[in-house]
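One structure is given below, encoded as C-alpha cells.
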Amino acid sequence: MSVTAPQGFRAAGVVAGLKDSGARDVALVVNDGPSRAAAAVFTRNRVKAAPVLWSEQVAKGGRARAVVLNAGGANACTGAPGFQDTHATAERAAALLADSAGEIIVCSTGLIGERLPMDALLPGVDKAVAELSRGDGGLAAADAIRTTDTVAKISFRQGAGGYMVGAMAKGAGMLAPSLATMLCVLTTDADLDAAALDRALRSATAVTLDRLDADGCMSTNDTVVLMASGAAGVTPDEAEFTALLTEVCGDLTRQLLVDAEGASKAIAIEVVGAASDSDAVSVGRSIARNNLLKCAIHGEDPNWGRVLSAVGTTEAVFEPDQLNVAINGVWVCRNGSFGDDRDKVDLRPRDVTITVDLSAGPHSATVWTTDLTADYVHENSAYST
C-alpha cells in the first residue's frame, strides 16, 4: 500500500528509460483531496539540486497536488538548464492533472553533474499519469525511486479514528542529511493544515531520519514531503499525529539503515548523560563518522578507544575521566579507562549497540550508522562507471 494506504492518494511507478537497467525510474504520487495541505524538509547542503530549489518554493505555499520523482539522474549542478528541466517536469505533470505547476513538487536522484534526458523523462511523466492507481501504484512508485537500494522501503500505520499515514523512501548511500534522508514521500488522509504538518514533520524527522548517518556524506537532493488529503474527515490531536508520524519515519529509518550500501552491521549509538540534546547528537555523529571505529566493528573488534577518541573531538560538555562506554551491553570502559573484559563483547550479530555515558547531564540521543566494508568501497568506486 505504501503512500496509497491513506484515502485520497493515487500513485504510479513506470519505466521511462532513465536507468540503464531498464527498471522503473519515474514515480508519481497524486493527492486527490479534498485538502492539499503539505509540508517538506530538505537537505542542508549549500549545493542544492535543481529539484530542491524548485520544491523549496512550492513548499512555501503549504500546498501540493503531486510529487514527481525520478531515479537515474540527480539533476544537480546542472545550472539554469537543469532548473528549466525541473520546471518543465512540473509543467508537464500539472498540465496532465489540469493543475498548476506551482503545486507540483519534483524530486530527482542519481548521478550528480549531468542533465536529465528530457526526451525520456517527459513521456515517462505521461505514462505515470496514465497508470495512476490506488491499488498497485504505491508499491510501483516505491520501486521506481530506487538507485542502489536493494529493496523498496515502505511503511504505513493507522491512527485513532481511522486515519492513515503511508510512506515510501529511498536511500542507501550519502545518508547524512540534516533534516531528511534522501527521498521520502509521506501521505495522510487526516485533516490537518500546512502549519500543523510542518511542525509534525520537523519533530518526527529530527529524531529519526535526521539521526541516520551511514557515511557522513550529505546529499544535494535530500527531500522529505508530507501531504494531507483530509479524505478521512478526521482531525487528530497534533501530538498524537506527530507520534504516529514519528513511528512511520522510525520504521523507514531502520529500513534505510539495514539496506545501506555494503553494510554488514547496523549500529545504534546511544549517547546518555549529556548536558544537552545538541551535545548528545554531536557526540553521536562524531562516533558515527569515525572510520577507524567503523572498520573495527566490521572486523568485530570492540575497540572502545576509538569511541573515546571520537568523543574527544567534539565541543560537548564532559570530563575525560568520567566517560563510560558499553558495546552490546558490556561496559568495556569505565571512568575513562578500561572496564570489563572486551572479550565478553559479542559482535557477531548484525545489530550493534554502542552506549556512551558522558556523565554530564540528563539528556540523551541515538544516532544510527553502519560499518565500513570493502563492499561499500567497491560500490562507490564504480558508481558512475
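The values are calculated or read from the model by the stated rules, or taken from the named source; none is laboratory data. Predicted model only: the values in this text are computed from it and were never measured. Backbone-built Cβ (ideal geometry, glycine too); neighbour counts: all protein chains shown. For the accessible areas, the whole protein counts, side chains as well, though only heavy atoms, and no ligand, DNA or RNA atoms are used. Shrake-Rupley method; radii C 1.70, N 1.55, O 1.52, S 1.80 Å.
Pairs to check: Lys265/Lys294; Lys48/Lys127; Lys19/Lys127. Give those whose C-alpha atoms are more than 18 Å from each other in this structure. Display every interim value, and only then the final one.
Working: Lys265/Lys294 9 Å; Lys48/Lys127 28 Å; Lys19/Lys127 16 Å.
Those over the limit are Lys48/Lys127.
Given a Förster distance of 35 Å, report the FRET efficiency between Asp375 and Ala130 from their Cβ-Cβ distance, rounded to the nearest 0.05. Intermediate values should be presented prior to the final figure.
Working: r = 39 Å, r/R0 = 1.11.
That pair, Asp375 with Ala130, gives E of 0.35.
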Open item on the list: Using the Karplus curve 6.51 cos²θ - 1.76 cosθ + 1.60 with θ = phi - 60°, what ³J(HN,Hα) values do you get for each residue of the range 192-205, in whole Hz, with x for Gly and Pro?
Closed with: 10, 7, 4, 5, 5, 4, 5, 4, 5, 5, 5, 5, 5, 6
- [ ] For the chain, with a Gaussian network of springs between Cα atoms less than 10 Å apart, report the residue from Leu347, Leu69, Leu226 with the top mean-square fluctuation.
- [x] Leu347
Task: Gaussian network model of the chain, Cα within-10 Å springs - most flexible of Ala74, Ala232, Ala140 - done: Ala232
TODO: Compute the acute angle (0 to 90°) between the alpha-carbon long axis of helix 79-96 and the principal axis of greatest extent of the alpha-carbon atoms of the chain; round to the nearest 10°.
DONE: 60
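State the Kirkwood hydrodynamic radius of the range 203-300 in Å, one decimal place, computed from all pairs of distinct Cα atoms. Intermediate values should be presented prior to the final figure.
Numbers: mean 1/r = 0.0637 Å⁻¹.
With all distinct Cα pairs of the range 203-300 included, I get 15.7 Å.
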Task: For the range 13-159, average projected area of the Cα convex hull in nm² - done: 9.1
- [ ] Kindly write out, for the range 184-190 in residue order, the coupling ³J(HN,Hα) from the Karplus curve 6.51 cos²θ - 1.76 cosθ + 1.60 (θ = phi - 60°), rounded to whole Hz, with x marking Gly and Pro.
- [x] 8, 10, 10, 10, 8, 9, 5
TODO: Scan around Gly73 for amide H atoms under 5 Å from its own, H built in the peptide plane at 1.01 Å from N, and keep only partners 5 or more places away or cross-chain.
DONE: Thr109, Gly110, Leu111
Task: Mean residue ellipticity (222 nm) of the chain, computed from DSSP H runs ≥ 4 via -39,500 (n - 2.57), nearest 500 - done: -9500 deg cm²/dmol
Open item on the list: Residue by residue through the range 272-287, what is 3J(HN,Hα) from phi via Karplus (6.51 cos²θ - 1.76 cosθ + 1.60, θ = phi - 60°)? Round to whole Hz and write x for glycine and proline.
Closed with: 10, x, 8, 6, 7, 4, 5, 4, 4, 5, 4, 5, x, 5, 4, 5
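Using the C-alpha gyration tensor of the range 27-114, what are the square roots of 5 times its eigenvalues, in whole angstrom, with the largest one first?
Details: eigenvalues 92, 39, 23 Å².
Gyration-tensor ellipsoid for the range 27-114: 21, 14, 11 Å.
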- [ ] Hey, can you grab everything whose amide H is under 5 Å from the amide H of Thr353? Only 5+ residues off in sequence or another chain; H modelled, so Pro and N-termini drop out.
- [x] Ala268, Asn328
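If Lys and Arg each add +1 and Asp and Glu each add -1, what is the summed charge of the other residues whose beta carbon sits under 10 Å from the beta carbon of Ala50?
On the way: positive: Lys48, Arg115; negative: Asp85.
Value of the local net charge: +1.
At 1.4 Å probe size, with the rest of the protein present, what percent of the exposed accessible area of the range 238-285 is carbon and sulfur atoms?
Values: 750 of 1390 Å².
C and S fraction of accessible area: 54 percent.
At 1.4 Å probe size, with the rest of the protein present, what percent of the exposed accessible area of the range 298-368 is carbon and sulfur atoms? Don't jump to the answer; show the numbers that get you there.
Details: 1680 of 3720 Å².
Reported share for carbon and sulfur atoms: 45 percent.
Please calculate how many Å² of accessible area the chain carries per residue, with a 1.4 Å probe and no DNA, RNA or ligand atoms counted.
38
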Task: the chain: relative contact order in percent, alpha carbon pairs under 8 Å with at least 6 residues between - done: 18
Open item on the list: Using a 1.4 Å probe on the protein heavy atoms only, what accessible surface does Thr150 show? Give it in Å² to the nearest 10.
Closed with: 100
Task: Long-range HN-HN contacts of Val345 with modeled amide H, under 5 Å - done: none
